[in-house]
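Contents: one structure, followed by commentary.
The values are calculated or read from the model by the stated rules, or taken from the named source; none is laboratory data. Since we're looking at a predicted model, the values are computed, not measured. Cβ: placed from backbone, ideal geometry, glycine included. Neighbour counts: every protein chain shown. The area values use the complete protein model at the heavy-atom level, side chains included, leaving out ligands, DNA and RNA. Shrake-Rupley method; radii C 1.70, N 1.55, O 1.52, S 1.80 Å.
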Amino acid sequence: MKLKNLTIPLLSSALMLLSACSKDSFDFSSIHAFFVYDNSIYQDATLQSVLNPLSPGVFCRIYETTEGSTVYIHFEDAQGKEQKPKPLSDRDARSSRAIGLYNKTGIIVGYGNLSSPAVLYCYDSQCPNCYAETNSLGNKLSFNTNGIATCAKCKRTYDLNNNGLCTNSSGKKLIKYRATATGPLGILSVNN
């Protein structure tokens, strides 16, 4: 009987611990994002370079454009260069996508260089502070090879290698999404 009386409180405690949220779960935005891209099919070299955890500190912007009924996915590096945009297959084009707040400005993806093993980061390409103040989607960040993103409007800077923290003033950190990758020529999944 004593064992039975002790089992119930122990099980209850274990269930509470398992259901508790980790600190990291509050680090991601509650904004919906969904993007899956199979780089083994499309083989974009820019995306391939940022999905290599052995070369951290390299980031790219991912966004989409449309021409007629064709959807193109763009991968822009820190110098603003990109290869020829990749048209999605008809099947992939019909799939749902939410590439950050606005598909036309997209997300910034890459492995940070401040931890070992490297952490894959995915941020919205919008300035979070300007977005919070104006609710406008016209504040696309620029970013450089040092992993610093800058807003042309408010002049805030953000460290892409350090969890998107605002580095030059007080302000919100970058909007962050969950991302996984199966390798440079694998599948990138962004899902919030």
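Before moving on, here are some points about what is shown:
- Those residues of segment 158-181 which are within 17 Å of the chain's Cα centre (by Cα) and polar (S, T, N, Q), in sequence order: ASN161, ASN162, ASN163, THR180
- Scanning segment 82-108 for residues that are in contact (Cβ under 8 Å) with a residue 40 or more places away in the chain, out of contact with any Gly (no Cβ under 8 Å at 6 or more places or on another chain) and hydrophobic (A, V, I, L, M, F, W, C), we see that the one that is surrounded by the most Cβ atoms within 10 Å (Cβ to Cβ) is ILE108.
- For segment 70-118, the tally of residues that are aromatic (Phe, Trp, Tyr) and assigned to a loop (DSSP other than H, G, I, E, B) stands at 1.
- Scanning segment 109-130 for residues that are on the phi < 0 side of the Ramachandran plot, among the β-branched types (Val, Ile, Thr) and surrounded by 15 or more Cβ atoms within 10 Å (Cβ to Cβ) turns up at least one hit.
- Checked against (1) within 23 Å of GLY164 (Cα to Cα); (2) without any contact (Cβ under 8 Å) to a residue 60 or more places away in the chain, GLN79 meets all criteria but (2).
- Of residues in segment 131-145 being assigned to a loop (DSSP other than H, G, I, E, B) and more than 12 Å from ILE108 (Cβ to Cβ), the one least open to solvent (accessible area, probe 1.4 Å): ASN139
- Any pair with Cβ under 9 angstrom, 6 or more apart, that starts in segment 44-72 at a residue that is free of Cβ contacts under 8 Å to residues at least 60 places away in the same chain and open to solvent by less than 50 Å² (accessible area, probe 1.4 Å) and ends at one that is among the small types (Gly, Ala, Ser) and part of a helix (DSSP H, G or I): SER55/SER49; CYS60/SER49; THR70/ALA93; VAL71/ALA93
- Of the residues making up segment 149-176, those that are under 14 Å from SER125 (Cβ atoms) and β-branched (Val, Ile, Thr) number 2.
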